[in-house]
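Have a look at the structure below before the remarks.
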Amino acid sequence: MVNVAKRQFDAVIVGAGGAGMRAALQLSEAGIKTAVLSKVFPTRSHTVAAQGGISAALGNVQEDKWEWHMYDTVKGSDWLGDQDAIEFMCKTAPEAIIELEHFGMPFDRVDSGRIYQRPFGGHTANFGEKPVQRACAAADRTGHALLHTLYQRNVRANTQFFVEWMALDLIRDADGDVVGVTALEMETGEVYIIHAKAVLFATGGAGRIYAASTNAFINTGDGIGMSARAGIPLEDMEFWQFHPTGVAGAGVLITEGVRGEGGILLNANGERFMERYAPTLKDLAPRDFVSRCMALEVLEGRGAGKNKDHVLLKLDHLGPEVINHRLPSIREIAIKFAGVDPIKEPIPVIPTCHYQMGGIPTNYKGEVMVPKGGEPEVRVNGFYAAGECACASVHGANRLGTNSLLDLVVFGKSAGDSMIDFIKRERPVHKPLPANAADFSLSRIARLDAQTGGEEVAQVRTAIQTVIQSRAGVFRNSANMALGVTEIKAVAERVKHTQTKDKSKVWNTARMEALETDNLIEVAMATMISAENRKESRGAHSHDDFTKRDDENWMKHTLFYSEGSRIDYKPVHTKPLTVDYIPPKERTF
Amino acid sequence: MKMQFKIYRYNPDVDAKPYMQDIEVELEPSDKKLLDALVRLKTVDDSLSFRRSCREGVCGSDAMNINGKNGLACVTDIVSLKQPVEIRPLPGLPVIRDLIVDMTQFFKQYNSIKPYVINDTPPPSHERLQSPKDREELDGLYECILCACCSTSCPSFWWNPDKFVGPAGLLAAYRFIADTRDTAINERLDNLEDPYRLFRCHSIMNCVDVCPKHLNPTKAIGKIKELMVKRIA
């Protein structure tokens, strides 16, 4: 075996976005020897692109209660969310937001000096009665403000970052316990073993499996891919959120906060069509619902533009003052990426892949839980996940806007606490590394180094994106998804033979993209096969052949195993921590 | 449409020294921004290395020197560029490979200003209150994306990257000085009272000229200098 350099820490965090850095702060401040690995400098993580807000029932503007927030989240999830995790998140939200404020996050303010809150999709008062202002905002740069604040706080805590290190694979021992990761130092091209007592994946989403996505280039599902290859099942990967307002053609996000501030959607006839579909919440219905309505308008010939392929987001009636003060970045994006100034003209928008509801199965403590010996949920010792790569599951079949940033800080912190507890109580000394700990990662790199005559990475990646975009979109049907399964399996074979011309070591981005594609294909396979398998319509999974939600047969989480492309299930948690169960009902808005 | 480039190339594994590469690429109609063109170019030559992530001007990864001026590739319109487009790494920082520079010194300076709110009074159970007017003081300061376009266009930073904090770091310094929740103004001014750290800024204003977020570090630096003067008086 090749001699691979090793480094040892108590805790390793992979990913330095909102979840990773919130966890890092918890661990650093507790004096745990922690390494944070990130393939980009922390403030370049995709959390930075979140715009509209972070939710908490602070009641700064209107009366609000965390129980209402919980109800909205359960209903938003189309009853696939785990109600214990949802209760935990919504109840913890106010203190999590106040903590961010104390960390120095530059929230906008109301006259009383408290945090400004705006309306958002699916946020209601009194169990769905009327819209409520719950989204705490820093203009339309809430993610940027949050991410920079967490980075700054980690500078204060002296957190040790390994910047531009790409994690390659999870290391599990013979008991199945997680004892570290392998990682590539991008500047040197060297592979290291990072030996740890506890590993947290906070690697973000994988929206890059779609051709049109609001997601950054780096969102390649690295944690999902590493987990899948290490035998961890993936939960609910059929559920992908299409954000109603991506800039048509460019994919760049336009926050729901635009509609929160009073913006409206219009079809080609100038009709505010959401009034027809959602009489109470109108343009502020949840995202799965609004995206379907928009897609229907286009399908039925009422799309705008010369190809009738998008709808219009009108906000000029808000006036320059509101737009410049509350939505300055939106104006900048619209001018740069849509070529329109929203003070004068509407923005052309289209539902665009935005968020992965599924992921690595965890409980609300951030512990990774998998079926074992007949039990549906057994802890994988030493393994934690938080943020978009994890599935707690608080978002179920459809996430509410602003619950993603909340998810990051709530579960980043709880995962950090769980790790501290585990390291102190259960793992005072490191478990030994298996003898072959780095072999698999080294073989992946050796394969790339030796590969000749293979296909280019970009070409294969485009093939993945083409299949997923056309077969796992807003509207799905059996025949199309069956084709998608066949096609993505064929692409998976091609991924095994990708070739890079660049074989050098220092900052070899071609190699990194090839390794990322290994992760993308795991996500794409899980997505396509889980989607084809679910014979109902729920949340973001809208099935033309099974148009109703089927609670009797399908109120259960999908678990997808990469090996053998096997599907299993686990029950939805119907027992909240302290309050009454919220029973399913029809979702109308 | 074909697009012509002159790109700075250097791969320490292969090249004895850096060189300028003449290369062209056939663009697709969907390619609008310089970053789109570079990504397209990478399909022709996969060894071309550059950082990129959000592709919408908010993560700060793809700062580079474009036809002589620092900027973000992802928000630079292809049609605005004179061809062949000359692309170089950010000036003044060590080049690791191609357009990838070593930003250690840049972040070291940022960290040196203690970029976090300092307030030792125990926080209340709710927010530390701040009026909308006080909060407005942070506008134009907190939006920095740490792309380093400003600091690497600043002659003072080129000459003294180890001693002069640079425009990005000083903008951040003033962001915390201006925050009504921060109680360490004196400590922060002490930290900058030095012939180099603050006073190497000679108001050349290259930083203002290149900032892709339209921020004004020179103005922030001026305000810090004012506070220094007031403090002495």
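Could you please let me know if B:Val95 is in contact with a Gly (Cβ under 7 Å, 6 or more places away or on another chain) and either of a type outside the set (Lys, Arg) or touching a residue at least 24 places away in the same chain (Cβ under 8 Å) (or both)? So B:Val95 fails the test. Is the range A:78-90 home to any residue that is open to solvent by 10 Å² or more (accessible area, probe 1.4 Å), part of a helix (DSSP H, G or I), away from chain B (no Cβ under 14 Å) and at pLDDT 95 or above? Yes; the residues of the range A:78-90 include at least one that is open to solvent by 10 Å² or more (accessible area, probe 1.4 Å), part of a helix (DSSP H, G or I), away from chain B (no Cβ under 14 Å) and at pLDDT 95 or above. Within the range A:274-321, the residues that satisfy the criterion of being under 28 Å from the mean Cα position of the chain (by Cα), farther than 24 Å from A:Asn403 by Cβ and open to solvent by less than 50 Å² (accessible area, probe 1.4 Å) are A:Glu297, A:Val298, A:His310, A:Val311, A:Leu312.
Within the range A:473-509, restricting attention to residues that are in contact with a strand residue (DSSP E or B) (Cβ under 8 Å, 6 or more places away or on another chain) and hydrophobic (A, V, I, L, M, F, W, C), the residue that is surrounded by the most Cβ atoms within 10 Å (Cβ to Cβ) is A:Trp507. Spot the failing condition for B:Arg135; the list is (1) at the interface with chain A (Cβ under 8 Å from one of its Cβ atoms); (2) touching a Phe, Trp or Tyr at 6+ places or on another chain (Cβ under 7 Å), and only one is missed. Result: B:Arg135 passes all but (2).
Could you grab me the full set of residues in the range A:565-583 that are assigned to a loop (DSSP other than H, G, I, E, B) and open to solvent by less than 50 Å² (accessible area, probe 1.4 Å)? A:Val572, A:His573, A:Pro576, A:Val579, A:Ile582, listed by residue number.
Among the residues making up the range A:536-564, a single one is open to solvent by 30 Å² or more (accessible area, probe 1.4 Å), small (Gly, Ala, Ser) and not in a loop (DSSP other than H, G, I, E, B): A:Gly564. A count restricted to the range A:11-43 and to residues that are in contact with a Leu (Cβ under 8 Å, 6 or more places away or on another chain), outside any strand (DSSP E or B) and over 19 Å from B:Asn111 (Cβ atoms) stands at 6.
Pairs meeting the criteria (first residue in the range B:114-126 and at the interface with chain A (Cβ under 7 Å from one of its Cβ atoms), second residue not in a loop (DSSP other than H, G, I, E, B) and not aliphatic (A, V, I, L, M), beta carbons under 6 Å, at least 6 apart or on different chains) are B:Pro115/A:Gln152; B:Tyr116/A:Gln152; B:Tyr116/A:Arg153; B:Tyr116/A:Arg156; B:Pro123/A:His102. Checked against (1) outside any helix (DSSP H, G or I); (2) under 28 Å from A:Ile323 (Cβ atoms), A:Phe127 meets all criteria but (2).
Could you list, in sequence order, all residues of the range A:91-124 that are within 23 Å of A:Asn398 (Cβ to Cβ) and either among the acidic types (Asp, Glu) or not in a helix (DSSP H, G or I) (or both)?
Listed by number, the residues that qualify are A:Gln117, A:Arg118, A:Pro119, A:Phe120, A:Gly121, A:Gly122, A:His123, A:Thr124.
Contact annotation: residue pairs with Cβ atoms under 7 Å, 6 or more positions apart or on different chains, pairing a residue in the range A:82-96 that is within 10 Å of A:Val410 (Cα to Cα) with a partner that is β-branched (Val, Ile, Thr) and open to solvent by less than 20 Å² (accessible area, probe 1.4 Å), are A:Met89/A:Val394; A:Met89/A:Val410; A:Cys90/A:Thr73; A:Thr92/A:Val410; A:Ala93/A:Val410; A:Ala96/A:Val409; A:Ala96/A:Val410.
Scanning the range A:510-561 for residues that are within 14 Å of chain B (Cβ to nearest Cβ) and either more than 30 Å from A:Ala167 (Cα to Cα) or over 17 Å from the mean Cα position of the chain (by Cα) (or both) yields a count of 7.
Consider the range A:97-139 and keep the residues that are open to solvent by 30 Å² or more (accessible area, probe 1.4 Å) and closer than 27 Å to A:Asn154 by Cβ. The one that is farthest from the other protein chains (Cβ to nearest Cβ) is A:Glu99.
Among residues of the range B:27-39 being within 11 Å of another protein chain (Cβ to nearest Cβ) and free of Cβ contacts under 8 Å to residues at least 24 places away in the same chain, the one that is farthest from A:Thr509 (Cα to Cα) is B:Pro29. For the range A:380-418, the tally of residues that are among the hydroxyl-bearing types (Ser, Thr, Tyr) and open to solvent by 10 Å² or more (accessible area, probe 1.4 Å) stands at 3. Of the residues making up the range A:364-387, those that are touching a residue at least 60 places away in the same chain (Cβ under 8 Å) and either within 30 Å of A:Leu266 (Cβ to Cβ) or touching a Ser or Thr at 6+ places or on another chain (Cβ under 9 Å) (or both) number 8.
Residue-wise test of (1) under 17 Å from the mean Cα position of the chain (by Cα); (2) within 14 Å of chain B (Cβ to nearest Cβ); (3) open to solvent by less than 10 Å² (accessible area, probe 1.4 Å); (4) farther than 30 Å from A:Glu297 by Cα.
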position: A:Ile224; (1), (2), (3), (4): yes, no, yes, yes
position: A:Ile232; (1), (2), (3), (4): no, no, yes, yes
position: A:Met237; (1), (2), (3), (4): yes, no, yes, no
position: A:Gln241; (1), (2), (3), (4): yes, no, yes, no
position: A:Pro244; (1), (2), (3), (4): yes, no, yes, no
position: A:Ala248; (1), (2), (3), (4): no, yes, no, no
position: A:Thr255; (1), (2), (3), (4): yes, yes, yes, no
position: A:Val258; (1), (2), (3), (4): no, no, yes, no
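If you go through the range A:147-169 one residue at a time, how many are within 19 Å of A:Ala5 (Cα to Cα) and open to solvent by less than 20 Å² (accessible area, probe 1.4 Å)?
Going through the range A:147-169 one residue at a time, the tally reaches 6.
The values are calculated or read from the model by the stated rules, or taken from the named source; none is laboratory data. Note that the structure is a prediction, hence the values are computed from the model and not measured. Quick reminder, even Gly has a Cβ in these numbers, built from the backbone with ideal geometry, and neighbours come from all protein chains shown. What goes into the accessible areas is simple: the full protein's heavy atoms, side chains included, and nothing from ligands, DNA or RNA. Shrake-Rupley method; radii C 1.70, N 1.55, O 1.52, S 1.80 Å.
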